[in-house]
Each structure stands twice: as C-alpha cells, then as structure tokens.
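Here the structure is laid out as structure tokens; the discussion comes afterwards.
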Amino acid sequence: MENILVAGVNEIAVVTGYRASMIRDFLKRRFPTHRVRFIFNPHYAQTGNAYSLLLARQFVEDRVGKFSNKILLLDSDIMFSGKLLPYFLASGAENKIAVRISGEHNVEEIQVGLKPDGRIHFIGKKPDLLESPSESIGIELFSAAAVADLFAILERRVRSGVGRTEFYEASFQEMIDGRMVLKAVDVSAFPAIEIDTPEDLEQAGRMNVDE
C-alpha cells in the first residue's frame, strides 16, 4: 500500500478472503485518510486468484460498463523496494510484467519464458524453464484494451469451470497466445520477496527493502 501510494496510484481495491476483517481493519487503521474498496471472495477456500480477480470487474469498469483505464495488478503476498514500482511504471512497454532474472529459482515460482527482444512467450509453472529462468514477482500493468480482453477471458474460463481454481497467469497466457505483446521488465536490482511460508516471513524480516 505504501509503495502503491508513493507511485501515484490512488484508486485501490483489495480482494479479500481468509481473515478478511483483519485485513480490512488493519488497512483502515494504517491508512485512515485513504479510501480503499474491499471486495470479498466468499469462495476463497475453493477458488484461485483468477476467480478473485474476476470479482474486481465492477471496480475496474467505468460507469457505463466499459474498460477505459489501465490497471496495475499486484499479488497481495509480496514485499518489495519502494523504488521498484516507479522503475517498473517508467519502462516504455504498454503491457508488462515485473520479473526477476538473477538469483536462485525453483519450480514453485511462476516462471516466465522470454524471447530475445524481451517479449514473453510463456508464463506459468514449467520446470524445464529453470535452465534459463525468469520469475514473475507478481506485479503487472495492462492497458485499457488489454484489460477488456483479460476480463473477457477470465469470465469465459471461470464460467467453463476451469478458471475457478487456476492462477490468473493462465489467462495471461491465453492473451499471449492471441498475439498480445506482453513485455518483461527486469527488476532484479530491487529487493522483493513473495511470502508463502514462515521461512519466507523470516527472510522478509531481514530484508532491507530501502536499498
């Protein structure tokens, strides 16, 4: 939240599930003067983040049901340097994903396959990509046109059933397969961590994100 606000993003929605009231109460105390839209996923225990993202559709649409604005999408379990977002947003690509290229990688990461010009041809979990790895850190920017395509794909996949439990990167992949140009922005120079385990939380506590 701090990094988002410093980067100049003022319209914010948070999709909640587990312990939603705890998250809502904390953000209201920590940011009392800033309005945040909270969107609750009542099926959080049985669905994936693609379903949660689809629930944000009304927030993203304008008053006449059109997608007229670009969106910055972030996973909720990442801690990162305050310098990362300004760098990422300033890069020239219209549709882009923040990736970490240097460092250690493992099969649990959302991996990104890159073409020589920085375009992404694959995003998901694919062990053989570890030979030339790039990791999505969970930050994306999409243009208004791409947002319209993204939510159309999300809705179709969720209605078909497969999308209820999958990661939203599956919808990104469908957009790529449909010839959308999605660029990777290497943010390896900035500290960032995804917090999935107690060990990750301990490591995050030792991380200097002000570097």
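General remarks:
- Kirkwood Rh and Cα Rg combined as Rg/Rh, segment 12-71: 1.01
- Lysine pairs in segment 2-206 with Cα atoms under 27 Å, if 8 or more residues apart or on separate chains: 21
- Amide proton proximity set for Asp186, modelled H, under 5 Å, gap of 5+: Val99
- As a proxy for reagent exposure, ranking Glu94, Glu194 by other Cβ atoms within 10 Å from fewest up yields Glu94, Glu194.
- Charged-residue dipole, Cβ positions (Lys, Arg, Asp, Glu), segment 55-211 about Cα centre, Debye nearest 20: 900
- Amide H partners (placed H, <5 Å) of Phe40, local residues excluded: Thr16
- Whole-number Å³ per residue for the convex hull built on Cα positions in segment 9-119: 166
- Translational diffusion of segment 123-197, estimated by Stokes-Einstein from the Kirkwood radius over alpha carbon pairs at 37 °C in a medium of 0.692 mPa s, is 232 µm² per second.
- The alpha carbons of the chain give a radius of gyration and a Dmax of 16.8, 47 Å, in that order.
- Table column - 3J(HN,Hα) (Hz), segment 70-79, Karplus curve with 6.51, -1.76, 1.60, x for Gly and Pro: 6, 10, 9, 10, 10, 5, 8, 10, 10, 10
Each value in this text was obtained by applying a stated rule to the coordinates, not by laboratory testing. Just so you know, these numbers come straight off a predicted model, no measurement behind them. All Cβ positions, glycine included, derive from the backbone under ideal geometry; neighbour counts span all protein chains shown.
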